[in-house]
Amino acid sequence: MTESAILPVPRDQRAHPLGPPVGMVEALGHGPVRMVWPNGVPAWVISSYSGVRTVLSDPRFSSMREGGPDMRASGDTIIGEKRPGNINVLDGAEHMRLRRPLSRAFMVKKMNAMRPFIQRIVDEHLDEMERSGAPADLVSAFCLPIPSLVIAELLGVPTEHQPLFQATARGMFGVDNAKEDYLRNAAELAGVLVPVVEARKREGASDDLIGLMVNDTDFELDELLFLAIGLLAAGHETTSGAIGLFALTLFENPEQRAVLQADPDRVDVIVEELLRYSQGRLGGAALARRALEEVELDGVTIREGEWVTVSLTANLDEALCEQAGELDLTRKSVTHLGFGFGPHQCLGANLARTELQIMLRSLFTRFPDLAPAIPVPQMEFRTDSITYSAVEIPVVW
Ligand code: HEM
């Protein structure tokens, strides 16, 4: 393929805020395309279900992404840099050394043990929303604080610092931020984390994640801090964005919302279908990898050294399920790529699922008539962060 056939990665422009970037689906309709990212780096975009699984799990594709595709025009990113504790960019044994001890802390059993805590804070926030009265902003009243409190509890960081977590996450992972923004915000967070690390060293055994990293691993302090900061940010930006998108998707699909409200006990599979469909519909390109050797994939030849990204339009691939382009909350079981696939598959998936199930069920049970106060297409969306989400969701009930 010649350079002239490379399309720009569409950014921001969507015909509907819950739909794909303009031109993306058309571009991907006939298989992989090459797109050039705002920092000038071209990358393949793979969007078939089998192709995405290959890119994310085949060792011929590396996660080392320094110099790779980036939403920042300057390419001045820290997220792709190989620095101590940056689990996202490591391959093989180096990756497993960090991942293995952490995955113990995210096992289903541990997440189930957190259910009473999560339910309590969800109920408290819904109580408060009711007391304050309609209209409310669902994002600040509900979507943001719950995941933020939960990840702070899991890490063992005092929750009084919650406003700092939210502010610094934006400062670090906004797509337009420079490296200095990251470093300044990370230093502020480290100011809160270092005393917790010191305390765990003094006290020894502890149930929380910082305690586990301090006492049960060989992690260096700078690795541990980068991991904790990444978890604080990943732990709330992604989940809060997802619950907001779920509410909006249900507002736009009243017949599907009725399915949830008729049988909230099926919330676990309903959450999976909402993840599959909402991320599939948004369908941008992300999760960069680099080909370590020539690979034939989906009818194209990816040369050694070329960059590859994946599009979650793969969640709407008919190979995945029947009527894959439709939201169907009556499905009996759901598979999707929303948490990625392969060695880097989301470490926090069990936690995110637990939170989303409790939040979704409680929200629509407690406020059965919940409705947007303005039409969804008129709402403002955040396109300056790694996670696409509504800035505010004004609701009435
Ligand atoms: C709905 C919520 C979430 C979504 C959609 C999501 C999505 C993802 C995806 C797609 C990946 C794979 C990245 C890649 O292959 O390059 C990933 C990795 C990761 N996620 Fe999540 N995530 C969510 C929630 C969370 C939570 C709550 C946490 C932590 C508490 C978390 C921590 C991580 C970490 C640490 C990784 C890197 C794992 C590794 O590189 O081995 N995520 N996530």
From the list ARG276, ARG290, which one is within 14 Å of the ligand (Cβ to nearest atom), among the basic types (Lys, Arg) and either more than 30 Å from VAL108 (Cα to Cα) or in a loop (DSSP other than H, G, I, E, B) (or both)? ARG290
Helices (runs of 4 or more DSSP H) contained in region 209-263 and holding at least 2 residues in contact with a helix residue (DSSP H, G or I) (Cβ under 8 Å, 6 or more places away or on another chain), more than 14 Å from the ligand (Cβ to nearest atom) and without any contact (Cβ under 8 Å) to a residue 24 or more places away in the chain: 209-216
Residues that are closer than 25 Å to THR313 by Cα, open to solvent by less than 50 Å² (accessible area, probe 1.4 Å) and in contact with a strand residue (DSSP E or B) (Cβ under 7 Å, 6 or more places away or on another chain): find the helices (runs of 4 or more DSSP H) completely inside region 39-131 holding 2 or more of those. 49-57
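Quick test for you: out of VAL9, VAL41, VAL45, VAL36, pick the one residue that is hydrophobic (A, V, I, L, M, F, W, C), in contact with a Pro (Cβ under 9 Å, 6 or more places away or on another chain) and free of Cβ contacts under 8 Å to residues at least 40 places away in the same chain.
Working: VAL9 fails: free of Cβ contacts under 8 Å to residues at least 40 places away in the same chain; VAL41 fails: free of Cβ contacts under 8 Å to residues at least 40 places away in the same chain; VAL45 fails: free of Cβ contacts under 8 Å to residues at least 40 places away in the same chain.
Step by step, each of VAL9, VAL41, VAL45, VAL36 is checked, and only VAL36 is hydrophobic (A, V, I, L, M, F, W, C), in contact with a Pro (Cβ under 9 Å, 6 or more places away or on another chain) and free of Cβ contacts under 8 Å to residues at least 40 places away in the same chain.
Inspect region 165-178 for any residue being at pLDDT 85 or above, crowded, with 18+ Cβ neighbours inside 10 Å and not basic (Lys, Arg) and give the result as yes or no.
Going through region 165-178, the residues at pLDDT 85 or above turn out to be none.
No, every residue in region 165-178 fails to be at pLDDT 85 or above, crowded, with 18+ Cβ neighbours inside 10 Å and not basic (Lys, Arg).
Given the condition open to solvent by 40 Å² or more (accessible area, probe 1.4 Å) and either within 15 Å of the ligand (Cβ to nearest atom) or more than 18 Å from ARG361 (Cβ to Cβ) (or both), answer yes or no: does some residue in region 144-153 qualify? Quick ask: steps written out before the conclusion?
Pass one, region 144-153, residues open to solvent by 40 Å² or more (accessible area, probe 1.4 Å): 153.
Subsequent filtering for residues that are either within 15 Å of the ligand (Cβ to nearest atom) or more than 18 Å from ARG361 (Cβ to Cβ) (or both) retains 153.
The answer is yes; a qualifying residue exists.
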Please go through (1) outside any loop (DSSP other than H, G, I, E, B); (2) under 24 Å from ALA43 (Cα atoms) for SER362 and return the number of the only condition it doesn't satisfy. (2)
Region 382-393: number of residues that are open to solvent by 30 Å² or more (accessible area, probe 1.4 Å) and either hydroxyl-bearing (Ser, Thr, Tyr) or not in a loop (DSSP other than H, G, I, E, B) (or both): 3
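For ILE358, indicate whether it is within 28 Å of TRP37 (Cα to Cα) and of a type in the set (A, V, I, L, M). Steps first, answer last, please.
Details: within 28 Å of TRP37 (Cα to Cα): no; of a type in the set (A, V, I, L, M): yes.
Judged against the criteria, ILE358 is not a match.
Out of the residues in region 190-211 that are under 26 Å from MET107 (Cβ atoms) and aliphatic (A, V, I, L, M), which is nearest to the chain's Cα centre (by Cα)? Spell out how you get there, then give the answer.
Residues of region 190-211 under 26 Å from MET107 (Cβ atoms): 193, 196-197, 199-201, 203-211.
Next, only the ones that are aliphatic (A, V, I, L, M) stay: 193, 196-197, 199, 205, 209-210.
Values: LEU193: 23, VAL196: 26, VAL197: 26, ALA199: 30, ALA205: 31, LEU209: 20, ILE210: 22 Å.
Among them, the one singled out is LEU209.
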Unmet criterion (only one of (1) within 12 Å of the ligand (Cβ to nearest atom); (2) in contact (Cβ under 8 Å) with a residue 12 or more places away in the chain) for LYS82: (1)
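Considering only region 365-377, state which residues are within 24 Å of the chain's Cα centre (by Cα), assigned to a helix (DSSP H, G or I) and not aliphatic (A, V, I, L, M).
Hit for region 365-377 is PRO377, nothing else.
Name the single residue that is modelled with the highest pLDDT among those in region 381-397 being of a type in the set (D, E, K, R) and farther than 13 Å from ARG14 by Cα.
Restricting to residues being of a type in the set (D, E, K, R) and farther than 13 Å from ARG14 by Cα, the top hit is GLU392.
The values are calculated or read from the model by the stated rules, or taken from the named source; none is laboratory data. What you see is a predicted model, and the numbers here were worked out from it, not measured in a lab. Neighbour counts are summed over all protein chains in view; Cβ atoms, including those assigned to glycine, are modelled from backbone coordinates with ideal geometry. For accessibility, only protein heavy atoms count, side chains too; no ligands or nucleic acids. Shrake-Rupley method; radii C 1.70, N 1.55, O 1.52, S 1.80 Å.
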